Each structure stands twice: as C-alpha cells, then as structure tokens.
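All remarks here apply to the structure that follows.
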Amino acid sequence: MMPAPDANILMNRLLLKGKVRHMLVLVRLIELGSMRRTATALNMAQPAVTQIVAEMEALLETELFFRHARGVEPTEAAKDLLPVAHRILDALRDGAEAVANRLHNHGGLVRISSSPAALGGMLHGRLDDFARRYPDIQVVIVEASSTTPLHGISDGTADIICTREPEVIPEGWEFQRCVEDALVVVCGKTHPLAEVKHPTLAQLGTGKWLMNHVGSVARNRFEEVFVKAGWPQSVRCQIVMHIPKLTREMLESGRYLAILPRSVAASWLGEGSVCELKSDINTPLAPLGYLWRGKQAGTAISVFARFLAES
C-alpha cells in the first residue's frame, strides 16, 4: 500500500493542476448537496461537475463527497478545504473589484471590516460625505463578528479594521483612536422608565431585559448587576441576538431594557426612538478606532484612514 502524500506534494499538485473552478464547485456542492443542483446553479452540465469532483479527488488522493440517493455529503477532507476555497474565491472577487475600479475610476479600493459598535459609532452618517468628497475611491464594507473582530487580519480580507482598541496590537498594524465609548442602559421612548431621571437598581429590576451573547462585555456587566442587585430570573428576555436592527425593533416596542455600547445605539439615540438612562450600571469602555498598516498603505487606504481620523 502506497503511503498517503504529504502536504508539500499536495500543495504542488494544487499549484500545478488545481483550478479556480475546482474551488467554486467544492463550495457550491457543499452548499447545495446535489450534483444536479450545483450544475444548474453554475450553468454547467452535470457530467462536468462530476468530472471536476473526480479531478479534485484524484489530485488529493482522498474522497471528498459521500454519494447517496438524495445527493452528496462532504467528507471531513472536503470540510477542511472549504474555508480555503472561500478565501481563494473572496480574494479573486476583491482582485476583480480592485482592477475594475482602477480601470474605470483610477481611485483604488479600500476593504473595511467593522464591528457593530464601530459601524454605529464611526461610520453611521459619514459615508455619504466620503462618497461625495472621493467619488473615485471604491469602499467595500463588511460587518465583522463581535467575537472575532480581527478576522480580517488573519484571512487577509481587510485593509482597515474598525473596532474597539484591542489589548494587544497585531504585529505590523497600528491603532488610531477615534471615539470614546461606554456601556449604557437604553430603552424605548415609551418605556415606563424613560421619564425617570436616575432609576435605581430596584426600579431597573422591575423591567424586562434583552440579553447579549454570553462572554460579551455587555452580558458580563448585566450578570454582575443581576447578582449584585438580586434580580429575579423573570427579568431576562429569552431572545438572545446580536443584530442591531432587531434589538432596536424590540426596544422601540417600549417593553424592554438593554445594556449596550453607546456607539451601537448612537443613531437610535440621535433620532429619539431610544432613550439612554442615567444609571449606576453605565460604565466606560475601551475607545473605538481603526487598525491599519500605515507604512504599507496605498493612497486610497490612506485617504480613508485620514477621513476616519478627521471625523
């Protein structure tokens, strides 16, 4: 029995014989679970999809999909390849955007990854000004997970990361502070406590609270106050989410309280649909800003970085 190929052999095979369409078929086949549906989605003949899968399995000397009557299921090897395939396809899309923008506008491309707090505290209400001042620069913005805000560094998909100041700055990157922030108690303008100047912990313990994800700074603060004040379990709303639009909708009903970074609720507070309560629960947070590689940044990235710092 021949030994399994090592990593160097597999890498050389992929470099010499691997194709982008291999990665595309892998991704879509895992998503759709069917050779037929994948062929339809990619506007290919089904035998062509089958042939591409066979080519990949031959290159890697391993089975990538289990075939069954209902379609296919990925093997563990296919699951291992999936994040790599996503990165390759994302890089190609970014490259196409950058080249197309350079050919048509000559302005360059800036890829932004932003936490929900930074979206509210740094970018909300400012992008129109940038678009008018720098119409030839293309800006692509994606929302980062609050649990992995620096993912754009590890996978190379971001030029600027708008986030809270990290305790440790990644090697080669620098952090620019932009906005001070704090955890605050908020509610809808029709909530019974909205008109109370400085509600006590006892008063706040009569309300129903929206829950943040376990491990978040807001959830940790809630749990600390919950224990200290001796609130009953009934104060917890059992809908746990981290989608600002849905949080705002719940708050505007006038039935809920929440602990949030002021930056997340900044636009709601400005529009008057949500109120900030003066409370002993409120506590400072690390400031918001952006990470970037200033010494390596191109013109477009430097322009956007300066714009954020000025704003």
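Values quoted throughout were computed directly from the atomic coordinates according to the rules given, and no laboratory measurement underlies them. For clarity, every value in this text was computed on a predicted model and none was experimentally measured. Don't worry about glycine lacking a Cβ; one is built from the backbone with ideal geometry, like all the others, and counts go over all protein chains shown.
Observations, loosely collected:
- Under the combined filter of DSSP loop state and at most 14 neighbouring Cβ atoms within 10 Å, the range 133-236 retains these GluC sites (Glu not before Pro): Glu167, Glu171, Glu195.
- FRET efficiency estimate (nearest 0.05) - Cβ-Cβ, Ala58 to Asp129, R0 41 angstrom: 0.15
- Here the residues Ser302, Ser115, Ser253, ranked from fewest to most Cβ neighbours within 10 Å of their Cβ, fall in the order Ser253, Ser302, Ser115.
- Debye log10 I(q)/I(0) for the chain, one point scatterer per Cα, at q = 0.10, 0.11 Å⁻¹: -0.78, -0.88
- Cα convex hull of the range 1-138 - mean projected area over all directions, nm²: 12.6 nm²
- Straight-line reach from Lys245: taking Cα to Cα under 17 Å and skipping same-chain neighbours fewer than 8 places apart, the lysines in range are Lys189.
- For a straight C-alpha distance cut-off of 25 angstrom, the lysines reachable from Lys19 (same-chain residues fewer than eight places away being disregarded) are Lys79.
- Value at 222 nm in deg cm²/dmol, rounded to 500, when DSSP H runs of n ≥ 4 in the chain each add -39,500 (n - 2.57): -13000 deg cm²/dmol
- When the convex hull of its Cα atoms is viewed from all sides, the range 251-292 shows a mean projected area of 3.9 nm².
- Divided by 2.2 N^0.38 Å, where N counts the residues, the Cα radius of gyration of the range 179-311 comes to 1.22.
- Residues within the reach of a label modelled at Ala41 (point 7 angstrom out along Cα to beta-carbon, backbone nitrogen below 16 Å), restricted to the range 7-24, are 21-24.
- Note on Glu167 and Gln233: with the Förster distance fixed at 35 Å, the Cβ-Cβ geometry gives a FRET efficiency of about 0.60.
- Full extension of the segment from Glu31 to Thr75, taken as 0.36 nm per residue of separation minus the current Cα-Cα distance, would add 14.5 nm.
- Cα-Cα P(r), the range 114-196, percent of pairs per 5 Å interval: 3, 11, 18, 20, 17, 12, 8, 5, 4, 1
- Cα-Cα separations in the range 7-88 greater than 21 Å, expressed as whole percent: 20 percent
- The fewest-to-most ranking of Thr163, Thr62 by surrounding Cβ atoms within 10 Å reads Thr62, Thr163.
- Centre-to-centre separation between the Cα atoms of the range 167-240 and those of the range 13-48: 46 Å.
- Where trypsin sites (Lys or Arg not before Pro) in DSSP loops with at most 16 other Cβ within 10 Å are excluded, longest remaining stretch of the chain: 127-188
- Of Trp209, Trp173, Trp292, the sequence from fewest to most neighbouring Cβ atoms within 10 angstrom is Trp173, Trp209, Trp292.
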